[in-house]
Amino acid sequence: MKTDKSDILTCLRSSEGYVSGQQLCERLGVSRTAVWKVINQLKADGYRIESVTRKGYRLLESPEDMLSESEITSRLTTEWAGRKLFYREETGSTNNDAKRCGEEGHPHGTVVVADIQNAGKGRRGRAWQTIPGTALSFSILLRPSFPAERASMITLVMALAVAEAVEAALKEDRQGSKESGTENPAGTTVTIKWPNDIVINRKKVCGMLTEMTMTPELDEIQYLVVGVGINVNNESPQEFQEEIRETAASLRIETGRRLNRAELLQDVLCRFEKHYETFLETLDMSRLRETYQARLQGLGNEVRVLDPAGEYTGVSRGINDRGELIVERENGERVAVYAGEVSVRGLYGYV
Ligand code: BTN
């Protein structure tokens, strides 16, 4: 039997102190030599593992930011999200890969993660740039049994999970390292630009793309794919293409913190799983509305609604239970804006 790095890492991570070689052999059903070989591979990958005679092994430190299958799976505490996981160093688009998983019958919650996407897809047919070694790009496959008209709310559910996970990662002094001169004592507020852009200091740090495939009879959702691209550890705005340089940023640029992408992914998946279950109770945003709205960028501010049928301005009044943005027009009329083809901007720019 092949002993995986992630099996050993999971055992080391789940125990407070030392894990004896014997315990590892028993838990994984392999020989001491096999355990020893994997421990050496992990050390070569940059894990600091202490080995003490008669006590065993102890994980002292993980590489600061390494995205790999074992690094991700050994951290997972979810029930179903990411329990089947594909990690690719390079791919075209994780959304396309997850759709393929959908066709091939992979289970609800399957996740595809990649370090590099060479054909990443953005909303409205735009390309999405992924900078190697810095971004967290992943897609989750969902097999819901709710009606198709409910699907657009799932990106709001994911937006909430990402915003919370990012804020928690920036607040806690977990694995990430702080760069000198970039203290942020008040913490960073992470907002959501409706429906699902994640914003820090008025700059976009994350985008999402949800794609739905219907059954051949077109009466049910066959599967949904929610793709998330977070700019995590980019050092400088120059790394972004010129056309987005004004509005895009990374968590590191805005806060001076370098984060461990595997740890961030684990937290996003955990929070998503929880919020998704809450969503399923009512099949709408009613139970998540307040939490989402507390993070809504520009609540009470004037916004410009870019509707293909005609542009208009109004004041953002939050979302309704269907996840639509309520915009109050000058004559007092309240319009419920459905995400679809419409986008909403601040009066003078992106937010
Ligand atoms: C946008 O804001 O335009 C949406 C960007 C979505 C990008 C993510 S990265 C992971 C997943 N794979 C893709 O090809 N796109 C999404």
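The values are calculated or read from the model by the stated rules, or taken from the named source; none is laboratory data. Keep in mind that what you see is a predicted model, and the values were worked out from it rather than measured. Quick reminder, even Gly has a Cβ in these numbers, built from the backbone with ideal geometry, and neighbours come from all protein chains shown.
Conditions tested, residue by residue: (1) under 28 Å from E324 (Cβ atoms); (2) hydroxyl-bearing (S, T, Y); (3) surrounded by fewer than 17 Cβ atoms within 10 Å (Cβ to Cβ).
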| position | (1), (2), (3) |
| --- | --- |
| K193 | yes, no, no |
| T213 | yes, yes, yes |
| E242 | no, no, yes |
| R252 | no, no, no |
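G109 meets all of the listed conditions (1) surrounded by fewer than 22 Cβ atoms within 10 Å (Cβ to Cβ); (2) more than 13 Å from the ligand (Cβ to nearest atom); (3) modelled with pLDDT of 95 or more; (4) at negative phi but one, namely (4). Considered as a group, the residues in the stretch 101-139 that are charged (D, E, K, R) and in contact with a strand residue (DSSP E or B) (Cβ under 9 Å, 6 or more places away or on another chain) include one that is nearest to R252 (Cα to Cα), and that residue is D115.
So that you can scan it fast, the table gives a plain yes or no per residue for (1) within 16 Å of the ligand (Cβ to nearest atom); (2) under 20 Å from the mean Cα position of the chain (by Cα):
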| site | (1), (2) |
| --- | --- |
| V225 | yes, yes |
| E235 | no, yes |
| Q238 | no, no |
| R257 | no, yes |
| H275 | no, yes |
| T291 | no, yes |
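Only one of the numbered conditions (1) buried (at least 18 other Cβ atoms within 10 Å of the Cβ); (2) away from the ligand (no atom under 16 Å from the Cβ); (3) within 16 Å of the chain's Cα centre (by Cα) is violated by R83, and that is (1). Scan the stretch 56-68 and tell me whether some residue there is crowded, with 23+ Cβ neighbours inside 10 Å, within 11 Å of the ligand (Cβ to nearest atom) and not acidic (D, E). So far as the stretch 56-68 goes, no, none of its residues is crowded, with 23+ Cβ neighbours inside 10 Å, within 11 Å of the ligand (Cβ to nearest atom) and not acidic (D, E). Would you tally the residues in the stretch 115-143 being over 13 Å from A81 (Cα atoms), more than 8 Å from the ligand (Cβ to nearest atom) and in contact with a helix residue (DSSP H, G or I) (Cβ under 8 Å, 6 or more places away or on another chain)? Result for the stretch 115-143: 4. For D267, the criteria (1) in contact (Cβ under 8 Å) with a residue 12 or more places away in the chain; (2) of a type outside the set (F, W, Y); (3) not in a helix (DSSP H, G or I) hold in every case but one, which is (3).
Cβ separations smaller than 9 Å between residues 6+ apart or across chains give the following pairs from the stretch 82-108 residues that are within 16 Å of Y223 (Cα to Cα) and among the small types (G, A, S) to residues that are in a helix (DSSP H, G or I) and within 13 Å of the ligand (Cβ to nearest atom): G82/L265. Every residue in the stretch 206-216 that is within 11 Å of the ligand (Cβ to nearest atom) and either under 11 Å from G102 (Cα atoms) or not acidic (D, E) (or both), please. Hits for the stretch 206-216 are C206, G207, M208, L209, T210.
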